[in-house]
Amino acid sequence: MLWDRLGELGVLSAGTRVVELGAGSGQATGPMVSAGATVTAVEPGPALAALLQERWPEVTVHVGTAEAVELPDAAFDLAVVATAVHWFDLPVVLPKLHRTLVLGGHLAVWRTAFGNPAAPVTAFRERVSQIVARRTQAPGRAGPGETDTASWVRRLTASGHFVTAHVEEFAWTIELTTAQVRDLFTPLIVMRRSAGAR
């Protein structure tokens with residue numbers, strides 16, 4: 001739905017020049033490449049950037065933060081931030097994106113919110129909440145909560161670099177098996193042997 005909507009809005013099509021910030025392993029990159037866009041991706045994690053480059057060799061990949069990577073002026077039609085906006089220093093990133101977009105260019109931002117606060121509380125949801133509450137809290141992310149779309153719009157437009165063109169929320173559901181739910185709560189830690197330790 002999201003990709004169809006970007007096409008319907010006329011912001012993503014064949015030939016669109018895209019800069020994607022916080023691209024990760026390229027989950028959002030692939031659909032943009034498939035749409036015929038030319039994509040430049042910015043990803044701070046070297047391992048994720050390498051995976052992205054392997055998956056999408058036609059993409060130009062910059063390893064670095066959105067704040068630090070140098071981007072040319074008026075070089076892109078569309079800037080995309082897929083599920084990463086909460087990590088950015090917006091007073092630095094928004095002016096940079098304003099400069100790197102052509103006149104009439106667009107910034108598309110989306111976030112994924114897990115769990116519908118309006119849905120009925122089931123025994124399963126209660127148990128998941130208990131498990132999550134026992135976990136060590138991760139460092140706080142900047143900005144409003146996942147479902148506070150209006151506050152995100154205000155943050156993204158407050159500097160005057162961007163004005164709202166379209167806001168939409170997509171609802172989706174997913175069914176998981178018992179094994180898939182267990183996998184969500186199973187950490188994977190991979191370590192490499194240190195050359196200096198004895």
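The values are calculated or read from the model by the stated rules, or taken from the named source; none is laboratory data. Predicted model only: the values in this text are computed from it and were never measured. Virtual Cβ from ideal backbone geometry, glycine too; neighbours counted across all protein chains shown. We work out accessible area using only protein heavy atoms, side chains counted, and drop any ligands, DNA or RNA first. Shrake-Rupley method; radii C 1.70, N 1.55, O 1.52, S 1.80 Å.
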Say we look at region 145-180 and pick out the residues that are more than 19 Å from the chain's Cα centre (by Cα) and surrounded by 12 or more Cβ atoms within 10 Å (Cβ to Cβ); which of these is nearest to L9 (Cα to Cα)?
-> H161
Please find, within region 58-89, the residue that is farthest from the chain's Cα centre (by Cα) out of those that are open to solvent by less than 20 Å² (accessible area, probe 1.4 Å) and touching a residue at least 60 places away in the same chain (Cβ under 8 Å).
-> L78
Of the criteria (1) modelled with pLDDT of 95 or more; (2) open to solvent by 30 Å² or more (accessible area, probe 1.4 Å); (3) within 16 Å of G26 (Cβ to Cβ), which one A47 fails | (1)
Name, by its number, the condition in (1) over 18 Å from the mean Cα position of the chain (by Cα); (2) in contact (Cβ under 8 Å) with a residue 24 or more places away in the chain; (3) open to solvent by 40 Å² or more (accessible area, probe 1.4 Å) that does not hold for V92.
-> (1)
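Go through region 149-181 residue by residue and tally those that are in a loop (DSSP other than H, G, I, E, B) and of a type outside the set (A, V, I, L, M, F, W, C).
10
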Please list, ordered by first then second residue, the pairs with beta carbon atoms under 8 Å, 6 or more apart or interchain, first in region 164-183 and of a type in the set (D, E, K, R), second part of a helix (DSSP H, G or I).
-> E168/R5; E169/T149
Kindly indicate which of R111, R127, R17, R55 is farther than 26 Å from D4 by Cβ and open to solvent by 20 Å² or more (accessible area, probe 1.4 Å).
-> R127
Restricting attention to region 27-39, does a residue exist that is in a loop (DSSP other than H, G, I, E, B), under 12 Å from the mean Cα position of the chain (by Cα) and either free of Cβ contacts under 8 Å to residues at least 24 places away in the same chain or crowded, with 21+ Cβ neighbours inside 10 Å (or both)?
-> yes
